[in-house]
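The values are calculated or read from the model by the stated rules, or taken from the named source; none is laboratory data. A quick note: this is a predicted structure, and the numbers were derived from the prediction, not measured. Here the Cβ positions follow ideal geometry from the backbone for every residue, glycine too, while neighbour counts run over all protein chains shown. Ligands, DNA and RNA are stripped out before the accessible areas are found, and what is left, the full protein with its side chains, is counted by its heavy atoms. Shrake-Rupley method; radii C 1.70, N 1.55, O 1.52, S 1.80 Å.
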Amino acid sequence: MIRSLAVLVLTLLSAAEARAQAPRITPTLVGEVDYRVHADDIEGHNGFNLARFRLGARGEPVPWLAAVGTAEWAQEKPAIVDAYVDLFVITGVRLSLGYAKTPLFPTARDQSIETLPIPELSLVTQAFWPRRDLGVEAQWMPASLPLEGWLRLGNGSGSPLGNDNAQPSVDARLDVRHGGLRLGAGAHVEDAFDRPGIGGRLPQGFLFYRPPPVSGYRTVTEAHGRLDAGPVRVDVQAAAAWEHRSRDTDGNPATPRESLPLLRSQGLGVEASWVLTGKPREGAQWPQALAGVGSEGIPSGSLEVAARMERLWLGRGAADVEPGGATGGAVSLRWWVTSFLGVGAAGYVNHYDTPPVEEPTRDWTYLALLRTTVSLH
C-alpha cells in the first residue's frame, strides 16, 4: 500500500514537472480595418482599407528563451515584421538576436502600434525612427536602480535578409524612471551608402517630402519624456539628425567621391491622452475596463481621448536641396471595448512648408478615419 502511494506521488510529481517544462506557444493576430477620407486621391482613395493584418506566434520552450515570429499580410506580398530570439540567462539583462524594433522612440519601440491613443505613429517618429533591423541587442533592467538601457548592433539596412554595405549600425538608449515619470534619450549612428535621407510621411503612408540620397555617416538623436498622472498621459519627443552626402562624378568607384553639403533635420511633438472611463494605461497595453462596470453580457470598455501637435524641419543646411517640413495636429476618440477589440475615430490636419511634387499648388492636407482593431495574443 505504501509503495503504491509512493509510486502515485512520484507519478504526479513527474507529470507536474513535465507540465511546468512543456513548451508554451502563444499565437498572435492583429487586424485593423479603416474607413478613410483623404484630401486628395493622390494621397489615397476614400473608402475601406485594410491597414494591418499580422499573424505570428511567441514560443517559450524553456523559461530563459523566447522566440517571436510575425508576418504582415496587408500588402501586395507578405513581409516579415518580427523574427527574433530573446535570452534571459543573466539577471536583469535581456539578450536579443534577430530582426526586431530598434530601441529609439518609446512610442514606437515600447508600444505596439495597435495600442496607440492616436492611430499610427506621429510625423516625428515616422521621419526619424530607424524602424526594424537585423542585429543583436542587450537590454539592461537593474532591479536596484530606476534605469533602463538598450544597446544594439545591427546591419543598418532595415532589411531582414542582410546588409547593404559592410558597415554596421549602433543604437543606444538610456531611460530614467521615477513613479509615473520616464525621461530618456537615444542615438542611432550608421554609415549609409546612397540611401534616401529623412523624409516626411503622413499617417496613411503618403511621402510628402522626398529626401535626396545620403552617403556617409548618419546620426539620429532623440530625447523623450512621459508622464503618467492617473488617467492622463503626456508624451514629449524631440529628434535631430545629421546626414552626410557625396556623389560619384566620374563613374569610377575606385576614385574619391565629391562631398556635398551636410543635411540637418529636426522634429518636435507633444501628445496628451486621457482615459475618461476605465483603468489608466499600464505599460504597453491599451486601457482596460473597470471590474464590475456595465450590464451583464454588455462590455463597458474604456473610453480615451487624445490630441497631438508636432513640427518637422527637414533637409536644412544645403543650398542645393529644397528644404521641407510640416506643422501638424491630430485628435482621436477610441473606445477600447474589450481586451481584444477597439473602435475609434481620428482626424489629422497638416500644413506643408513646401508642397509635395505631386500637389504643387496645395500646402494643406487632412485625413479622417474610422478604425476597428482586433488584437489577440
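Only one of Leu147, Leu123, Leu181 is more than 25 Å from Ile80 (Cβ to Cβ), of a type in the set (A, V, I, L, M) and open to solvent by 50 Å² or more (accessible area, probe 1.4 Å); which?
Leu181
Restricting to segment 114-153, and then to whatever is polar (S, T, N, Q) and over 12 Å from the mean Cα position of the chain (by Cα), can you tell me which residue is farthest from Asn350 (Cα to Cα)? Spell out the reasoning first.
If we filter segment 114-153 for residues that are polar (S, T, N, Q), which is where we start, we get 115, 122, 125-126, 139, 144.
Among the residues that remain, those that are also over 12 Å from the mean Cα position of the chain (by Cα) are: 139, 144.
Details: Gln139: 36, Ser144: 44 Å.
Among those that are polar (S, T, N, Q) and over 12 Å from the mean Cα position of the chain (by Cα), it is Ser144.
Do the conditions hold for Arg201, that is, is it closer than 22 Å to Ala143 by Cα, in contact with a helix residue (DSSP H, G or I) (Cβ under 7 Å, 6 or more places away or on another chain) and not hydroxyl-bearing (Ser, Thr, Tyr)?
no
Looking at this structure, is Glu282 assigned to a loop (DSSP other than H, G, I, E, B) and either at pLDDT below 90 or not hydrophobic (A, V, I, L, M, F, W, C) (or both)?
yes
Restricting to segment 198-226, what's the tally of residues that are of a type outside the set (Ser, Thr, Tyr) and more than 19 Å from the chain's Cα centre (by Cα)?
8
Which one is nearest to Ser259 (Cα to Cα) among residues in segment 326-340 that are more than 20 Å from the chain's Cα centre (by Cα) and surrounded by fewer than 23 Cβ atoms within 10 Å (Cβ to Cβ)?
That would be Thr327.
If a residue must be among the aliphatic types (A, V, I, L, M), open to solvent by 40 Å² or more (accessible area, probe 1.4 Å), at pLDDT 95 or above and out of contact with any Phe, Trp or Tyr (no Cβ under 7 Å at 6 or more places or on another chain), how many such residues does segment 297-325 contain?
Number of matching residues: 2.
With the requirement that a residue be surrounded by fewer than 16 Cβ atoms within 10 Å (Cβ to Cβ) and under 18 Å from the mean Cα position of the chain (by Cα), what does segment 79-96 give you?
Once the filter is applied, which keeps residues that are surrounded by fewer than 16 Cβ atoms within 10 Å (Cβ to Cβ) and under 18 Å from the mean Cα position of the chain (by Cα), segment 79-96 yields only Ala79.
Considering Ala272, Ala291, which residue is closer than 30 Å to Leu370 by Cβ and out of contact with any strand residue (DSSP E or B) (no Cβ under 9 Å at 6 or more places or on another chain)? Please lay out each step first, then the result.
Numbers: Ala272 fails: out of contact with any strand residue (DSSP E or B) (no Cβ under 9 Å at 6 or more places or on another chain).
Just one listed residue meets the conditions, Ala291.
Could you pull out the residue among Glu114, Glu60, Glu76 that is surrounded by fewer than 20 Cβ atoms within 10 Å (Cβ to Cβ) and part of a helix (DSSP H, G or I)?
On inspection, the qualifying residue turns out to be Glu114.
Can you give me the number of residues within segment 252-287 that are open to solvent by 70 Å² or more (accessible area, probe 1.4 Å), more than 18 Å from the chain's Cα centre (by Cα), touching a residue at least 40 places away in the same chain (Cβ under 8 Å) and farther than 30 Å from Ala241 by Cβ?
2
Show the residue pairs meeting these rules: Cβ distance below 6 Å; 6+ apart or different chains; first residue within segment 347-369 and in contact (Cβ under 8 Å) with a residue 40 or more places away in the chain; second residue among the aliphatic types (A, V, I, L, M) and crowded, with 21+ Cβ neighbours inside 10 Å.
Short answer, once both residue conditions are applied: Tyr348/Ala330; Tyr348/Leu367; Asn350/Ala326; Tyr352/Ala326; Leu369/Ala346.
One line per residue, one yes/no per condition, for (1) modelled with pLDDT under 85; (2) in a loop (DSSP other than H, G, I, E, B):
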| site | (1), (2) |
| --- | --- |
| Leu134 | no, no |
| Glu137 | no, no |
| Gly156 | no, yes |
| Ser159 | yes, yes |
| Asp164 | yes, yes |
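Let's see how each residue does on (1) at pLDDT below 95; (2) of a type in the set (A, V, I, L, M, F, W, C):
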| position | (1), (2) |
| --- | --- |
| Phe128 | no, yes |
| Val170 | no, yes |
| Arg173 | no, no |
| Gly179 | yes, no |
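In segment 356-377, how many are open to solvent by 20 Å² or more (accessible area, probe 1.4 Å) and at pLDDT below 95?
Qualifying residue count for the region: 8.
Given the options Arg233, Arg247, name the one that is of a type in the set (D, E, K, R) and without any contact (Cβ under 8 Å) to a residue 40 or more places away in the chain.
Arg247
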